[in-house]
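As structure tokens, the structure follows; a few thoughts come after it.
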Amino acid sequence: MKRSKTSKAWMREHVNDPYVHKAKAAGYRARAAFKLLEIDQKDHLLRSGMTVVDLGAAPGSWSQIAARQVGDSGRVIALDLLEIDPLHNVHFIQGDFQSDAVLHQLEAALAGQPVDLVISDIAPNMSGIATADQARAIYLCELALDFAASHLKPGGNFLVKVFQGAGIDAYRRSMQDVFEKVVVRKPAASRDRSAEVYFLGLGRKADG
Ligand SMILES: C[S@@+](CC[C@H](N)C(=O)[O-])C[C@H]1O[C@@H](n2cnc3c(N)ncnc32)[C@H](O)[C@@H]1O
């Protein structure tokens, strides 16, 4: 099949991307690793012994980082539609986060243990229809926030990828109901032309 101009441009950008090279050299499964590393360096989210839930985890670079930081006294529960290659100290669940059955699997894996940190890099496959894509992205973010609100321990934190566009202000307000503080992060590895930014909810309120 003949490659389109867009896929050629994507390939050129990918091949020249310093984060792709750095990820390969460091053994990370995706360049996305550097987004979490930068945010964690600034906000100190990950610590030894923590229980972390990673939503939209494939191919697994955030889980790699989280598992290393929490160590053997902590644990990471990761979820994605796609399979990931196994990682030490990561309990992986394959399924659709929108499904109740998958949510129950996640809850069963937690076995009532409160969560210290929820990280969500979930992004739906884009159809190219901007309004529909934004609605699907926001819906997944809302599910992630519901999950964080009901499973994080008081004081726990929530990092979520959002796309700037319709619904984002209302989403941020709903995060503010749950967390003491909500800040925006745009790590260097997140391309300037990408509408993605990360909202970080710090300190789940006891009554949020
Ligand atoms: C940007 S990737 C995540 C990259 C990951 N943080 C890493 O570091 O390797 C977004 C992921 O969200 C997943 N995803 C999208 N919709 C989902 C859904 N409904 N349920 C579970 N995972 C979903 C996709 O399969 C994709 O792997």
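Figure note: 199, 163 ranked by solvent-accessible area, largest first, 1.4 Å probe, ligands and nucleic acids not counted: 163, 199.
Local charge sum around residue 19 (other residues, Cβ-Cβ under 10 Å, Lys/Arg +1, Asp/Glu -1)? Show your work: numbers first, answer last.
Numbers: positive: 22, 24, 31, 35, 191; negative: 17.
Residues near residue 19 contribute +4 overall.
Kirkwood hydrodynamic radius computed over the chain comes to 17.6 Å, based on all pairs of distinct alpha carbons.
Between the residues 65, 137, 109, the greatest Cα displacement towards the positive end of the dipole of segment 29-204, with unit charges on the Cβ of Lys, Arg, Asp and Glu, is found for 65. Positive end of the dipole of segment 72-208 (Cβ unit charges, origin at the Cα centre): among 201, 127, 87, the Cα lying farthest that way belongs to 201. Stretching the chain fully between residue 135 and residue 173 yields a gain of 12.0 nm (0.36 nm per residue, less the alpha carbon separation).
Counted by Cβ distance under 12 Å from residue 144, the other residues give a net charge of -3, where Lys and Arg count +1 and Asp and Glu count -1. Taking θ as phi - 60° and the Karplus parameters 6.51, -1.76 and 1.60, the scalar couplings of segment 37-53 work out to 4, 5, 5, 5, 4, 7, 10, 6, 7, 9, 9, 4, x, 6, 9, 10, 10 Hz in sequence order, x denoting glycine and proline.
What you get for segment 7-81, charging only the Cβ of Lys and Arg (+1) and of Asp and Glu (-1), is a dipole of about 240 debye around the Cα centre.
GNM on the chain, alpha-carbon springs under 10 angstrom: the most fluctuating residue among 68, 173, 29 is 173.
So what is the accessible area of the chain per residue, in Å², with the probe set to 1.4 Å?
On the way: 10830 Å² over 208 residues.
Value for the chain: 52 Å² per residue.
Distance from the Cα centroid of segment 95-145 to that of segment 1-63 is 19 Å (rounded to whole angstrom).
Computed over the chain with a Gaussian network model linking Cα atoms closer than 10 Å, the most mobile of 126, 175, 50 is 126. Here segment 29-204 is treated with +1 on each Lys and Arg Cβ and -1 on each Asp and Glu Cβ, and its dipole about the Cα centre works out to around 580 debye.
Rounded to the nearest whole Hz, the Karplus-based 3J(HN,Hα) values (6.51 cos²θ - 1.76 cosθ + 1.60, θ = phi - 60°) of segment 68-78 follow the sequence 5, 6, 6, x, 6, 8, x, 8, 10, 10, 10, with x at glycine and proline. Please compute the length gained on full extension between residue 82 and residue 153, using 0.36 nm multiplied by the number of residues separating them and subtracting their Cα-Cα distance. Here the segment from residue 82 to residue 153 would lengthen by 22.8 nm.
Tally the DSSP beta bridges in the chain and give the antiparallel ones as a percent, rounded to 5. Spell out each step's value before the answer.
Details: 12 of 31 bridges.
Expressed as a percentage, antiparallel bridges in the chain total about 40.
Rounded to the nearest whole Hz, the Karplus-based 3J(HN,Hα) values (6.51 cos²θ - 1.76 cosθ + 1.60, θ = phi - 60°) of segment 154-170 follow the sequence x, x, x, 10, 9, 10, 9, 7, 10, 10, 4, x, 4, x, 6, 5, 5, with x at glycine and proline. Projecting the Cα atoms of 152, 51, 182 onto the charge dipole of the chain (Cβ charges, centred on the Cα centre) puts 182 farthest toward the positive pole. For segment 12-83, the fraction of C-alpha pairs farther apart than 19 angstrom is 37 percent.
The values are calculated or read from the model by the stated rules, or taken from the named source; none is laboratory data. Note that the coordinates shown come from a computational prediction; the quantities given were computed from them, not determined experimentally. Glycine also receives a Cβ, built like all others from the backbone with ideal geometry; neighbour counts cover every protein chain displayed. Side chains included, ligands, DNA and RNA excluded: accessible areas come from the protein's heavy atoms. Shrake-Rupley method; radii C 1.70, N 1.55, O 1.52, S 1.80 Å.
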